[in-house]
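One structure below.
The values are calculated or read from the model by the stated rules, or taken from the named source; none is laboratory data. This is a predicted model, so every value here is computed, not measured. Cβ sites come from the backbone with ideal geometry, for glycine too, and all protein chains shown count toward neighbours. Accessible surface areas use protein heavy atoms only, side chains included; no ligands, DNA or RNA. Shrake-Rupley method; radii C 1.70, N 1.55, O 1.52, S 1.80 Å.
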Amino acid sequence: MTGKICGTGSYVPPHVMDNDDMAKLVDTNDEWIRERTGIARRHVAEQETTSFMAGQAALRAVEQSGIAPEEIDMIIVATSSSETIYPCAACEVQKTIGAVNAAGYDLNAACTGFVLGFNAAQAYISAGMCRTVLVVGAESMSHMIDWTDRSTCILFGDGAGAVLLRAQEGAPVWTAAHSDGKKGPALTGLSRHRKDWEKEGEEKESYIHMDGQAVFKFAVRKVPEIIEEILEKSGVSADEIDYFILHQANRRIIEAVAKRLKIDISRFPMDLEEYANTSAATVPILLDEMNRQGMFRKGHKLILAGFGAGLTWAGCLFEW
Ligand code: UT7
């Protein structure tokens, strides 16, 4: 058994900040942001919380699937920016959609979280532990960023995406995942409450800190490697893949991955111009947009790949 996607949904806050709005806050400009990242706008939560956005995306996925919420066995929410540590966002989603028979938990692997959650869902289904699993990626990055740091604040946006998976006979799902804890300092989101920092007397904020070039180089090297690993495991050739749906961090990263793999960029869909980097939410938001535009056909072969803090990276190959 594998998990077939039978519904997708997404939610982004209506409030939009374009690059000119960012230029009012920090020393930047539309030309720099577009050229270096491909980002033009980002949606920013005003009243919406992470679990609210997760719940809205989930409602849309469940509605599209036609499956009753009571049939959902498991809810996994990938997030590193939930408004509460507990209750977890997955339990809030359970309440919102009325999935009274589901178990739920949150998964924190930053921008890689959704793909890891998707892979975990596939494992539950293929092991016979679950029949119907909801996987959500949801983030309020606007709460995590330092709005005075131009090197990070222009990169991120808020939103949520969800997929509902149902056990079916079908082509196998191929997965791969890695982390490199030694490279963790390249991208950190720190908690204010760590006692050891107080002792050291260091001033550390809960904001995101990033060595942008190190993360860029990591992504451009590791994403092609993991895609090749999955292709080799599966025996599927790159030519047979209809779409490579990558974490939407930076257009130049996606272009460099396509170039390294010698695959035409047209098979790497992007929506980061509109939403920027919504961390764990980028992949499911893009999946939902493509699905609602009718871009997927039964039997289409897709590769998902995520990468980010940890450092972590993961991917999977499955059939629509
Ligand atoms: O989900 C995973 C999370 N992270 C990522 O994927 C990020 C990966 N890295 C990147 O996307 C890129 O490294 C960035 C977009 C963050 C930065 O692009 P870059 O081409 O690596 O620029 P840079 O850091 O080398 O900075 C070039 C210049 C610097 O000025 P000087 O030293 O050359 O005078 C920066 O101070 O651009 C300056 N700069 C800016 N200028 C205008 C940095 N941020 C900005 C800005 N506006 N927002």
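Shape annotation for the chain: C-alpha extents along the principal axes are 54, 46, 37 Å, from largest to smallest. For the range 1-106, trypsin sites (Lys or Arg not before Pro) meeting the loop criterion (DSSP other than H, G, I, E, B) and having at most 10 other Cβ atoms within 10 Å: Lys24. The GluC sites (Glu not before Pro) of the range 43-128 meeting both criteria, a DSSP state outside H, G, I, E and B (loop) and at most 13 other C-beta atoms within 10 angstrom of the site's C-beta, are Glu46.
Just the accessible area per residue of the range 102-163, please: how many Å² with a 1.4 Å probe? It would help to have the intermediate numbers written out before the result.
Values: 1830 Å² over 62 residues.
Per-residue accessible area for the range 102-163 comes out at 29 Å².
Per-residue extension of 0.36 nm, minus the Cα-Cα distance of Asp21 and Arg267, leaves a gain of 85.4 nm for this segment. If you run the Gaussian network model on the chain, springs between alpha carbon atoms under 10 Å, then out of Val236, Val93, Val133 the most flexible one is Val236. When the Gaussian network model of the chain links Cα atoms closer than 10 Å, the mean-square fluctuations of Leu187, Leu25, Leu272 top out at Leu25. Computed log10 I(q)/I(0) for the range 98-177 at 0.13 Å⁻¹: -0.53, from the Debye equation with unit scatterers placed on every C-alpha and solvent omitted. Solvent-accessible area of the chain (1.4 angstrom probe, protein heavy atoms only): carbon and sulfur portion equals 49 percent.
FRET efficiency for the pair Lys301 and Lys217, taken as 1/(1 + (r/R0)^6) with r the Cβ-Cβ distance and R0 = 35 Å, rounds to 0.75. The Cα-based radius of gyration and maximum Cα-Cα distance (Dmax) for the range 2-168 are 17.1, 54 Å.
With a cap of 10 neighbouring Cβ atoms within 10 Å, and only residues DSSP puts in a loop, list the trypsin sites (Lys or Arg not before Pro) found in the range 231-320. Let's see the in-between values first.
Numbers: sites: Lys233, Arg251, Arg252, Lys259, Arg260, Lys262, Arg267, Arg292, Arg297, Lys298, Lys301; in loops: Lys262, Arg297, Lys298.
Here the sparse-neighbourhood loop sites are Lys262, Arg297, Lys298.
Report, in deg cm²/dmol and to the nearest 500, the calculated mean residue ellipticity at 222 nm for the chain, where each DSSP H run with n ≥ 4 adds -39500 (n - 2.57) and the sum is divided by the residue count. Mind showing how you got there, number by number?
Values: 11 runs with 111 residues, N = 320.
The helix contribution divided over the chain gives -10000 deg cm²/dmol.
Separation of the alpha carbons by more than 18 angstrom is noted, of Lys182/Lys222; Lys217/Lys259; Lys183/Lys262; Lys259/Lys301, for Lys183/Lys262; Lys259/Lys301. Sequence-distant contacts, meaning Cα pairs under 8 Å at least 6 residues apart, place the relative contact order of the range 2-168 at 35 percent.
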